[in-house]
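Data first, discussion second: the structure below is written as C-alpha cells.
The values are calculated or read from the model by the stated rules, or taken from the named source; none is laboratory data. Quick caveat, the model's predicted, so the values are computed rather than measured. Using ideal geometry, Cβ is built from the backbone for each residue, glycine included, and neighbour counts are taken over all protein chains shown. Each accessible area value is taken on the protein alone, full model and side chains, heavy atoms only, with ligands, DNA and RNA left out. Shrake-Rupley method; radii C 1.70, N 1.55, O 1.52, S 1.80 Å.
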Amino acid sequence: MCSSDGEYLALAQEVCPRVKAPVLVAGNPKEQIAALQAAGVQGFVHMASDLIQTLSEWQDKLGMGSAQ
C-alpha cells in the first residue's frame, strides 16, 4: 500500500482481511508499525530499506527464490 501515514491503518484494516496476497506498506510509519502488523501488514519498504535484502526475502517468501 502506498498512502499517507494517517491513512495506512484504516486501509490495512480494510484491505488485509480481503486479500490472499501479502500486503506491504510503502513507507515507514514508525508510530503505527505494531498496529499495522496486527491488522495484517506483512512488511514495509521505505527509503532506509536494504533493497536487495528486502527483495530477496520477498522472493523467498513467495517461492520465487533469489539469485544470490
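Dipole size of the chain about its Cα centre, with +1 on Lys/Arg Cβ and -1 on Asp/Glu Cβ: approximately 200 debye, rounded to the nearest 20. The loop-placed trypsin sites (Lys or Arg not before Pro) in segment 1-34, going by DSSP, that have at most 16 neighbouring Cβ atoms within 10 Å of their Cβ come out as 20.
Enter the accessible area of residue 57 (Å², nearest 10), with the probe set to 1.4 Å and all protein chains included. Accessible surface of residue 57 is approximately 80 Å².
Once all protein chains are placed together, residue 60 keeps about 80 Å² accessible to a 1.4 angstrom probe.
To put it simply, the accessible area of the chain at a 1.4 Å probe is 56 percent carbon and sulfur. Relative to the longest principal axis of the Cα atoms of the chain, the long axis of helix 5-15 lies at roughly 80 degrees. The listed residues 11, 62, 36, once ranked by accessible area (1.4 Å probe) with the largest placed first, stand as 62, 11, 36.
Treating each Cα of the chain as one equal point scatterer and applying the Debye formula with no solvent, the log10 of I(q)/I(0) at q = 0.15, 0.16, 0.22 Å⁻¹ comes out as -0.49, -0.55, -0.94.
If you roll a 1.4 Å probe over the heavy atoms of the protein chains, what accessible area per residue do you get for the chain, in Å²? Heavy-atom accessible area per residue stands at 70 Å².
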